[in-house]
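These notes concern the structure reproduced below.
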Amino acid sequence: MGFAELLLIGVGLSMDAFAVAVCKGLAMPRMRWRQGAAIAVSFGFFQAMMPVAGWLLGRQFEMYITSIDHWIAFILLGGIGGKMIWDAFHEEADDFQDRFNWRELLVLSVATSIDAMAVGITFAFLQVKILPAASLIGCTTFLLSLTGVCVGQKFGGRFKNKATLAGGVILCLIGTKILLEHLGVLG
């Protein structure tokens, strides 16, 4: 898997965090850089660690699953992407409070990075070098989350559903590409 594909996966996985960061930014009457940085660091950290955890799990089962790994990647990425697409059209606006809550940030960080664990399992089957991949995903999430806080504070919640939709479409397309490559349809 090349840099461009990993970057697209990072962007796709970051869309949940971006959407939540936009909503957190909405609650800020003025930009609070410490809070924005804390949100971005937390989201980026968990988004980088979850693929590593998934990769470690996937490596345990690698010998049993290598013959169907492309189907697993397709199903996991398609399922995650499909859920994100569904959420883009069906989630209600979240009510974010103005005060900063570390416990809430931890829960949001874990919740927005669960998808990354499933991607990490896929990485184990596809023989992806996990440390560079996880680092790229974490850095991408950090940058997009910080951008999300700024966008939310500046422009409001207009982009939340569009960002979630875009992330879901990206993950579905990458899952389809992996399947088609393994089936020999794409060179």
Taking the stretch 1-23 as the search range and keeping residues that are open to solvent by less than 20 Å² (accessible area, probe 1.4 Å) and under 16 Å from residue 154 (Cβ atoms), which one is modelled with the highest pLDDT? 21
Could you list, in sequence order, the residues of the stretch 140-187 that are modelled with pLDDT under 80 and not in a helix (DSSP H, G or I)? 156, 186, 187
Looking at the structure I just gave you, is residue 79 farther than 16 Å from residue 14 by Cβ, within 14 Å of the chain's Cα centre (by Cα) and modelled with pLDDT of 80 or more? yes
Can you say whether residue 114 is more than 21 Å from residue 177 (Cβ to Cβ), buried (at least 22 other Cβ atoms within 10 Å of the Cβ) and either of a type in the set (Lys, Arg) or at pLDDT 75 or above (or both), as far as the supplied structure shows? no
When residue 68 is evaluated against the numbered criteria (1) among the β-branched types (Val, Ile, Thr); (2) open to solvent by 50 Å² or more (accessible area, probe 1.4 Å); (3) modelled with pLDDT of 80 or more, which criterion, by number, is the only one it fails? (3)
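The values are calculated or read from the model by the stated rules, or taken from the named source; none is laboratory data. Keep in mind the model is a prediction, meaning the values are calculated, not measured. Glycine gets a Cβ as well: all are built from the backbone with ideal geometry, and neighbour counts include every protein chain shown. We work out accessible area using only protein heavy atoms, side chains counted, and drop any ligands, DNA or RNA first. Shrake-Rupley method; radii C 1.70, N 1.55, O 1.52, S 1.80 Å.
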